[in-house]
Protein chains: 2
Amino acid sequence: MFRADKGLAFILQYENVAWYEEGKVRILDRRIYPLETKYVECKTHIEVSKALADMVTQSGGPYIAVNMGMVLAVYEAKNLPKDEYIEFIKKAAHTLCYSRPTTVANMIKAVERCYRTALEAAENRENAVQVVFKAAIDEANKKYQRYEKVAKYLYEKVPKEGTIMTQCFGETVIGMLMRLCKENDNNVKVICAETRPYFQGARLTASVIRDMGIDVTVITDNMPGYVMKLKNVDLFTSAADAITMDGHVVNKIGTFQMALAAHYWGIPYFTTGIPNKEHQDISSVKIEERDGEFVTQAMGVKTTMEGVKGFYPSFDITPPKLISGIVTDKGIYSPYNLNKYYE
Amino acid sequence: MFRADKGLAFILQYENVAWYEEGKVRILDRRIYPLETKYVECKTHIEVSKALADMVTQSGGPYIAVNMGMVLAVYEAKNLPKDEYIEFIKKAAHTLCYSRPTTVANMIKAVERCYRTALEAAENRENAVQVVFKAAIDEANKKYQRYEKVAKYLYEKVPKEGTIMTQCFGETVIGMLMRLCKENDNNVKVICAETRPYFQGARLTASVIRDMGIDVTVITDNMPGYVMKLKNVDLFTSAADAITMDGHVVNKIGTFQMALAAHYWGIPYFTTGIPNKEHQDISSVKIEERDGEFVTQAMGVKTTMEGVKGFYPSFDITPPKLISGIVTDKGIYSPYNLNKYYE
């Protein structure tokens, strides 16, 4: 079976993202990696959905997990009569896609092939699990290959021996970008904002880059604005949880103020991702708020006095005027003309 | 003995900042408060200097500690011949003032009275310790009363039931400001950025505010830019480690990007503090870099993979164009006309 994850860092390998095996889905717990390498084991697609809501995996992880969740749903429903099976699959797809409010549109797109395959198997369920599993891998490959294309366009903007700043976890694009740097003997330096409260930048992005043998430095989230100038950053890049057709980027909290600082210093900010047709403009995006308690701790240690509240909006919105380009699998687009992507 | 710290939060009381007693100086360890209430005990002024370099206390803390350190130096030198005593005191003052490169100018100013008093006691050392201790308290009172004046000018800019955003630990000004809010029955809300890597905002500012019975919420350092708009913040305020005469503010890393975001949204940013004549312009300020290892941990827990570097500039520089006003003990000044303060 062709695998597009060859040669990437440990946590970008499918087995270490989300993986169906013998009636279970295991998901690498990205909340604790690389301090611990542990998997959350899900025995039902409901548990997969809960793991997604609990952010066991994030960034590109949920898009593989949702399909492995579909495989599991097929396994769960294997002995149901046809009508009930169809009903079960429909419900499961809905449950999985709606695990997190902000990413629903992308999840629906990601699950499509497995969902269709699962429904097609309603008549003959003998190899349903294998067939849907194959669809899940195909879909993951498609996604990875698509992001490889994105990374190639972004790589063209990376100067020789340049310095890149990242926000949160750019996932496959970061892995592919680093692979391109290695292949081209381009000794880039990468500066990663740590990305509180979950430290995805420090734990995931920096670890992936280090894993691939590239010079990487972590800074805290109050530093990017100052450090991007001080360390002559050539470009700032992030992925996106949603790119609206009117050019707004919805991404991990902190992206906005980094983009603002980049704009102030004249450093380009490139968002990687595919514009979301489902969001014709920013008004249809719901910004998720999570439990404020997570903000008043760090790595499990309480940071303030009892009685102090926490507030935790997961994402923020960066307006098109702060974005230099949306880097897609078809090239770089102006945030002001994203319809062109679909022409 | 008059005490200007009456009615302020626990950690603003002199005994809980830095305190000389029986041949020792104890300094509240602000690096761990409020999770633990522990004091670092110094038996020599060198140990006081080391504690300052290690950031056992910070913000306004060092300016009380430096004088308590001078009391200790007088105690240490009590039996030396006059010439050696003078030499010892001079050296001690130098050691204490140069504990941290960025704050040297302010430290020299802060230690002046105790230093002079200590030298004046060279002839008659009988009550030298008590006399210099009295000078240390007088100096602390003077500082606190000065900051009470600053807080009064800042308070005039706080709308009824308004929302204030803070950065790092505004110390006495924050305490005094909160006291004024209480006295005026003004139910303000305060949002504190947590201030990585030491979490002074979460641990100190938020705790002081909570201690004084005011509504307070902590956010992580990637949130201010977005949250200040979302939560209709009325003003952003910070103290300053240095205010140069050409209107630049040197303060805890993160201040710059918060000021930039406030400017973007049209929210005023008020810096509290006294302009530093010693810095005619920003070129004379040395920005301290600290051990990068501190950035790759949080509350003592490692946040990334072995081999990932950390970078830790303690401060950043905010240019005058992003500052709405410098709030001093004599009123609010434009950052573009700070000479007026000294007229």
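The values are calculated or read from the model by the stated rules, or taken from the named source; none is laboratory data. This one's a predicted model, so the numbers in the text were calculated from it and none came from an experiment. As a convention, Cβ positions derive from the backbone with ideal geometry for all residues, glycine included, and neighbour counts pool all protein chains shown.
A few comments on the model shown:
- Looking across B:Ala202, B:Ala239, one residue alone is touching a residue at least 24 places away in the same chain (Cβ under 8 Å) and small (Gly, Ala, Ser). It is B:Ala239.
- The stretch B:287-299 - residue that is assigned to a loop (DSSP other than H, G, I, E, B) and over 30 Å from B:Leu235 (Cβ atoms) and, of those, farthest from the other protein chains (Cβ to nearest Cβ): B:Asp291
- Flag not set for B:Val40, criterion: in a helix (DSSP H, G or I) and either crowded, with 18+ Cβ neighbours inside 10 Å or among the acidic types (Asp, Glu) (or both).
- Among residues of the stretch A:1-36 being in a loop (DSSP other than H, G, I, E, B) and of a type in the set (Lys, Arg), the one that is surrounded by the most Cβ atoms within 10 Å (Cβ to Cβ) is A:Arg30.
- Identity of the residue in the stretch B:249-271, assigned to a loop (DSSP other than H, G, I, E, B) and buried (at least 24 other Cβ atoms within 10 Å of the Cβ), that ends up farthest from the other protein chains (Cβ to nearest Cβ): B:Ile253
- All positions within the stretch B:52-68 that are at pLDDT 95 or above and either within 14 Å of chain A (Cβ to nearest Cβ) or touching a Ser or Thr at 6+ places or on another chain (Cβ under 7 Å) (or both): B:Leu52, B:Ala53, B:Pro62, B:Ala65
- Per-region count, the stretch B:152-167, residues in a helix (DSSP H, G or I) and crowded, with 17+ Cβ neighbours inside 10 Å: 3
- Filter result for A:Thr163 (of a type outside the set (A, V, I, L, M), facing chain B (nearest Cβ under 10 Å) and under 30 Å from B:Thr195 (Cα atoms)): no
- Note on the stretch B:126-151: among residues that are over 30 Å from B:Gly331 (Cβ atoms) and assigned to a helix (DSSP H, G or I), the one that is farthest from the chain's Cα centre (by Cα) is B:Ala128.
- Number of positions in the stretch A:272-287 that are surrounded by fewer than 16 Cβ atoms within 10 Å (Cβ to Cβ) and either modelled with pLDDT of 95 or more or in contact with a strand residue (DSSP E or B) (Cβ under 7 Å, 6 or more places away or on another chain) (or both): 3
- Restricted to the stretch B:184-227, and to residues there that are facing another protein chain (nearest Cβ under 10 Å) and over 22 Å from A:Ala298 (Cβ atoms), the residue that is surrounded by the fewest Cβ atoms within 10 Å (Cβ to Cβ) is B:Gly213.
- Selection count, the stretch B:300-337, where residues are more than 7 Å from chain A (Cβ to nearest Cβ), among the β-branched types (Val, Ile, Thr) and surrounded by 18 or more Cβ atoms within 10 Å (Cβ to Cβ): 6
- B:Phe169 vs. criteria modelled with pLDDT under 95, in contact with a helix residue (DSSP H, G or I) (Cβ under 7 Å, 6 or more places away or on another chain), at negative phi and within 14 Å of chain A (Cβ to nearest Cβ): yes
- Test: A:Lys157 is basic (Lys, Arg) and within 21 Å of the chain's Cα centre (by Cα): no
- Restricting the stretch B:61-97 to residues that are of a type in the set (Phe, Trp, Tyr) and touching a residue at least 40 places away in the same chain (Cβ under 8 Å), the residue that is surrounded by the fewest Cβ atoms within 10 Å (Cβ to Cβ) is B:Tyr75.
- The residue list B:Glu183, B:Glu194, B:Glu156, B:Glu161 contains one member that is acidic (Asp, Glu) and at pLDDT below 95, which is B:Glu183.
- Selection from the stretch B:107-137 of residues that are of a type in the set (S, T, N, Q) and surrounded by fewer than 22 Cβ atoms within 10 Å (Cβ to Cβ): B:Asn124, B:Asn127, B:Gln130
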